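What follows is a short report on a single structure.
Laboratory data are not the source of any read-out in this text; all were calculated from the coordinates shown. As the structure is a computational prediction, the values presented were derived from the model and not from experiment. Counting neighbours? That spans all protein chains shown, and the Cβs are built from the backbone with ideal geometry, glycine included.
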Amino acid sequence: MSVNSSVTVTVPATTANLGAGFDCIGAALTLHNNFKLTLVDGETQIIVTGSEAARVDNIYKDNLLYCAYVKLYEHLGQTPSPVKMEIGLGVPLARGLGSSATAIVGGLVGANILAGEPLTQSQVMDLAISMEGHPDNVVPALIGGCRLAATGVNGWEICDIPWHESIVPVVAIPDFELSTKEARRVLPTEVSRADAIFNISHLGLLLRGLETGKTSWLQAALQDKLHQPYRKSLINGYDAVSAAAINAGAYGMVISGAGPTLLALTDTSHSLDVVAAMATAWKEIGVAAQVRALNIDNDGARVIKD
Ligand SMILES: Nc1ncnc2c1ncn2[C@@H]1O[C@H](COP(=O)(O)OP(=O)(O)OP(=O)(O)O)[C@@H](O)[C@H]1O
Ligand SMILES: N[C@@H](CCO)C(=O)O
């Protein structure tokens, strides 16, 4: 495409793991980043807007959106053109809501469109998974909904996980960051057979709980032994916010992605109470947090017309 060609891609935030589904399940949420890519004649430049704009790398070679843009052209064996990248931030950074996945997916999808769509969505997905290192954020960010990814015979198998319409995801986003790198560093490299069995059984329960909305299955399902026991001490107030959410009627609470955002699942009749209870619990121990009831984004990354 020629100079001045442009594309704007909107990409949803994602919540990964959902407790027992460490590194394999995630859901897209109704919170978005917008990325406008315009081919230019001169220097590549990055312009970021939004309340956390100052925290995004504005040296373009370090910026994840730019790295993803370059990755796609390298995959095609082509030299990327200079580009103006305008980032409209709606997803808080390094909070466990898949901000890095939005940048990877936005850069790859935008570059693929500017290059004339040589890659299929599934090829873009493979590149995104290889950049992120695990599939649970980039897959729902790209195709929307709640998705489980597993290695198949010939590449990744992606499974759609039905999400009962009565289940509301509530995210409590504190004002401190926790990088995924740091939150992965505290995890053990080996786990016991008992813990593996615990997670296999609870993930099964979670999938059926999400599909049916059955209370007792969801209450039991939102437990995990592979990552949360090691990470919760990195999140000041985890136990207090969890108890508050459950007392207000949530099925349970988990760490969203690598944290520090906490995710409660509740039903439509309790969602306002759960939002208020989580906000109060964090406020009482001096942590400022934004708490919001969201919906599942079933569309994933999409092009916005100017
Ligand atoms: N809109 C963006 N544009 C460019 N880079 C971004 C953008 N959003 C995030 N990043 C990069 O991703 C980093 C955050 O990634 P990290 O994996 O630590 O957190 P996360 O993706 O928000 O959380 P999680 O993976 O737990 O859901 C930021 O520090 C920044 O380098
Ligand atoms: N599954 C990942 C999600 C965060 O990128 C983790 O929990 O580390």
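Sorted on the mean count of surrounding Cβ atoms within 10 Å across their residues, most packed first, peptides 264-275, 143-154 read 264-275, 143-154. Compared with the dominant principal axis of the Cα atoms in the chain, helix 99-114 is inclined by about 30°.
Relative to the compact globular guide of 2.2 N^0.38 Å, what is the alpha carbon radius of gyration of region 167-293, as a ratio?
Working: Rg = 14.5 Å, N = 127, 2.2 N^0.38 = 13.9 Å.
Cα-based Rg divided by the globular estimate yields 1.04.
Each of L178, G204, L272 was scored by the projection of its Cα onto the charge dipole of region 170-278, and the greatest displacement toward the positive side belongs to G204; charges sit on the C-beta of Lys, Arg, Asp and Glu. Charge dipole of the chain (Cα centre as origin; +1 on each Lys and Arg Cβ, -1 on each Asp and Glu Cβ, all else neutral): 320 debye, rounded to the nearest 20. Annotation: the residues E52, E74, sorted from fewest to most other C-beta atoms within 10 Å of their own C-beta, follow the order E74, E52.
How big is D, in µm² s⁻¹, for region 16-147 by Stokes-Einstein at 37 °C and 0.692 mPa s if Rh is the Kirkwood radius over C-alpha pairs? My calculation gives 219 µm²/s for D.
Just flag the GluC sites (Glu not before Pro) in region 183-289 sitting in loop per DSSP whose Cβ has no more than 11 other Cβ atoms within 10 Å. Here the sparse-neighbourhood loop sites are E190. Put in line by how crowded their Cβ is, counting other Cβ atoms within 10 Å and starting with the fewest, K61, K71 read K61, K71. For region 257-274, the Karplus equation 6.51 cos²θ - 1.76 cosθ + 1.60, evaluated at θ = phi - 60°, returns couplings of x, 8, x, x, 4, 10, 10, 9, 10, 9, 10, 4, 6, 10, 4, 5, 5, 5 Hz by residue, with Gly and Pro reported as x.
Per residue Cα convex hull volume for the chain, in cubic angstrom?
On the way: hull volume 40.1 nm³, N = 306.
Hull volume normalised by residue count: 131 Å³.
Here region 13-89 and region 196-271 have alpha carbon centers that stand 29 Å from each other. Summing charges over neighbours of K84, with a neighbour being any other residue whose Cβ is under 13 Å away from its Cβ, gives -2 when K and R count +1 and D and E count -1. Helical content alone sets the calculated 222 nm signal of the chain at -10500 deg cm²/dmol, taking -39,500 (n - 2.57) per DSSP H segment of four or more residues and averaging over every residue. Database remark: amide H of V48 closer than 5 angstrom to the amide H of I87 (H placed geometrically; neighbours at sequence offset of 5 or more, or on other chains; Pro and chain starts carry no H). Report, in listed order, any pair from K36/K181; K181/K305; K71/K181; K36/K225 with a Cα-Cα distance greater than 32 Å. Exceeds cut-off: K181/K305; K36/K225. The 3J(HN,Hα) values that the Karplus relation (6.51, -1.76, 1.60; θ = phi - 60°) gives for region 289-298 are, in residue order, 8, 9, 10, 9, 8, 10, 10, 7, 8, 8 Hz. Gly and Pro appear as x.
Dipole magnitude for region 167-293: computed about the Cα centre from +1 point charges on Lys and Arg Cβ and -1 point charges on Asp and Glu Cβ, it is near 260 debye.
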